[in-house]
1. For segment A:74-199, divide the Cα radius of gyration by the Kirkwood radius and give the resulting Rg/Rh value with two decimals.
2. Once you place label points 7 Å from the Cα toward the Cβ at B:Y21 and A:N203, how far apart are they in nm?
3. Given chain B reduced to its alpha-carbon atoms as identical point scatterers, what log10 I(q)/I(0) does the Debye formula return at q = 0.06, 0.07, 0.14, 0.15 Å⁻¹?
4. With an 8 Å cut-off on Cα pairs and a minimum separation of 6 or more residues, tell me the relative contact order of segment A:3-262 in percent.
5. Hey, what do the phi angles of segment A:51-66 turn into as Karplus ³J(HN,Hα) couplings, whole Hz, using 6.51/-1.76/1.60 and θ = phi - 60°, x for Gly and Pro?
6. What accessible area, summed over both chains, is buried at the B-A interface (1.4 Å probe, Å², nearest 100)?
7. Round to a whole angstrom and tell me the spacing of the C-alpha centers of segment A:27-62 and segment A:133-205.
8. Once the dipole of the protein assembly as shown is set up with Lys and Arg at +1 and Asp and Glu at -1 on Cβ about the Cα centre, which of B:G166, A:P17, A:H248 lies farthest towards its positive end?
Amino acid sequence: MSAVGVVFSNIHDENVPELSRQRTMGSLPYGGRYRLIDFALSNLVNSGVTTVGIITKNNYQSLMDHLGSGKDWDLARKTGGLVLLPPFGNENGGLYKNRLEALKGITGFLSRRNEDYVILCDCDGVYRMDFTDIIDYHEGKQADITIVCHTEDIANSDFYTIVDTDEANRVTGLKINERVVGRSHYYSNIMVIGRSFLLNIINDAIARGYNSFREDVIMKNLKSLKVYAYDFNGYYATIDSFGSYYKHNMELLDKSVRDELFGARDIYTKVRDSAPSKYGDGAVLNNALVSDGCIVEGTVENSILFRGVKVGKGSVIKNSIIMQDTVIGENVSLNCVVTDKNVVIRDRRNLSGCEVQPYFLPKGSMV
Amino acid sequence: MQRKKECVAMLLAGGQGSRLYALTNNIAKPAVPFGAKYRIIDFPLSNCINSGIDTVGVLTQYQPLLLNEYIGNGQPWDLDRAFGGVHVLSPYQKKSKSAWYEGTANAIYQNINFIKMYNPEYVLILSGDHIYKMDYSKMLRAHIDAEADCTIAAIEVPLKEASRFGILNTNADGSIYEFEEKPKQPKSTLASMGVYIFTAEKMYKYLEEDDDDPESSKDFGKNILPKMLAAGERMFAYQFDGYWKDVGTISSLWEANMDLLGETPVFDVADPAWKIHSRNPLAPPEYIGAGASVQNSMVALGCEIYGEVKNSVLSSNVVIEKGAAVKDSVIMSGTTVKAGAAVNYSIIDEDVVVGEDALVGADKDMAKGITVLGRNVTIGKGAKVSDGAIVDKNIQPGEEA
């Protein structure tokens, strides 16, 4: 088997507007030193994929800065490697409006490849998955399309595609735009499809004036297309809102989650060459995840510190996510706060949110 | 026009580092881990790239495998270049007279053709066993301004330690009139740092002459520099007043690690203006569990700390289990200190397992010396390793060493 990866970096930008105002979903900071795209990319690379196209749309400066040549994912290759696929403008001056148009924009890239399969994934998931298992499953089922599904409790959201299957796991129905609450079997936006088959259906769909890959191509053709669901039972976190962003980050404080995601030590990210973190005489840490380049002089509890964060003396940080290069002064008290990059919090400030709605400080703000 | 480099650096990395005992059983001294995420060689390599020198030959001989793998194509130091970059130079077979590197000067002499490929005007000689941040471009500027044939970087050392170094006696203008290798009665306290800049043509000449001299021990400090001085070449000292530490002994390696700690550390590796580049570990952020305590310490990525850590430096992926206590110690990557174990005043190499309730070393104020545990060693449950011991084999449960 051989497969080319295609990652949609922008598709879910509306999920977490607080954090993706100035960046793509793919470049959302996550887990202390990662960006969401690192999970998709690392899984692809660890599954033996050596060519990955990244579809971009808006605000992808931070994404390009993060990816560079792709060398940190071992994707700086002479043949294939990391291929950025910025959008084509159409005659009306607009960019692509949906996934189908985005795919239409990369038919050139796809037709020049010679891999058998395409693995399509979005940047809204945090997981560790071996895609070769899915391709084996796909071949075993002689499927046209295999979609990766996951079953989880969903807290009131209409971002999900709910999947119904028969006993052979063939997809019999998809429900979209429905507000779901509770345990649901949903499509995790990861798909395996034959490369030439994908090219055919894109061209066909465009010729028929279709707008949606999911609705017009898949949902309406479930009888004629063999669409199978591959159930992924490992840890899978979908970032569908600011609340779930906070909740899933905090899950990394759980050793079993960390072991599953990072145990094999093969989630790659951009290297920053920060110095190791330093802890002062007065440092008190309790259930904290701390990235490199931090200087901790105060108390940090149930929190995640990204790279280069400074916590001054006498400050108490609880239940918070503090992003890259945030500077927290002395005797500050934070509870349930999420700071974006480069935030400065002056001495003696006292800020608090609550677990369902953490207090958010945008990039570069000064309090 | 022929492409050329103004200055090529040659980094002597072949030393065995026998005074580091168990730490250099299987690796060359420049590959010894330092400061939680670095290896010693990161310092000269980072100094080179930060000084604008992008062509570096690394001369290896003793146990080069890990060092070669670590340097790789030089990408972590931005030294993967189409013209120049970092190159590992091992001794090689020649048509006649194949030999190991017999001394520092001989190692350079055997690779003179490597240097000549870049047709440099100047050659910078470095050694791979010092921790320091130095801008070689300033030294090169001084060398050019003084129209020197050889410039030796020098640092003031305490008088009582001066007899361990090569001592430079200089005139008021910095020119050297006398060079004494490890003098019993030093006349000055200006010590050579083992960092030399030569005008390339002069260096070629003296290396070739030295190679023909059967009496010579083929060493820069013992042979080349005295010969140049005797011949009246223009030799200058370039005084360096920053932090510089020879980490060739267990105690100096320990001290240099401790110099990184504190609010205003003696030696700062986090200076954004002089980044120390290294091959980064692939690891998630470090986790510090409930009930753990980490004070005045440096901790690298991937560590999992559930016990107590004080005044220590921990490299990546170190696990300190609940109830374990680590104090005044340096622990290298992949090591696990199991529940209830105590580690005091020690240097522990990579991938060591300290068993449950084991005791390693003694309190710093009472210890006879620093305890050293070599790579891959397993200390059994309840075993005791006494202060100052150097251990490079497994210790059975309950045993004393």
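The values are calculated or read from the model by the stated rules, or taken from the named source; none is laboratory data. In this text the structure is predicted, and so the values were computed from the model without any measurement. Every residue, glycine as well, gets a Cβ built from its backbone with ideal geometry; the counts of neighbours run over all protein chains shown. The area values use the complete protein model at the heavy-atom level, side chains included, leaving out ligands, DNA and RNA. Shrake-Rupley method; radii C 1.70, N 1.55, O 1.52, S 1.80 Å.
1. Details: Rg = 16.7 Å, Rh = 16.8 Å.
A ratio of 0.99.
2. If labels sit at B:Y21 and A:N203, their model points lie 7.3 nm apart.
3. Values, matching the q order: -0.26, -0.35, -1.20, -1.32.
4. 22
5. Taking θ as phi minus 60°, the curve returns 10, 10, x, 10, 8, 10, 9, 10, 6, 9, 4, 5, 5, 5, 4, 5 Hz for segment A:51-66.
6. Numbers: alone 17440 and 15830 Å², together 30310 Å².
Counting both chains, the buried surface is close to 3000 Å².
7. 21
8. Farthest towards the positive pole: A:P17.
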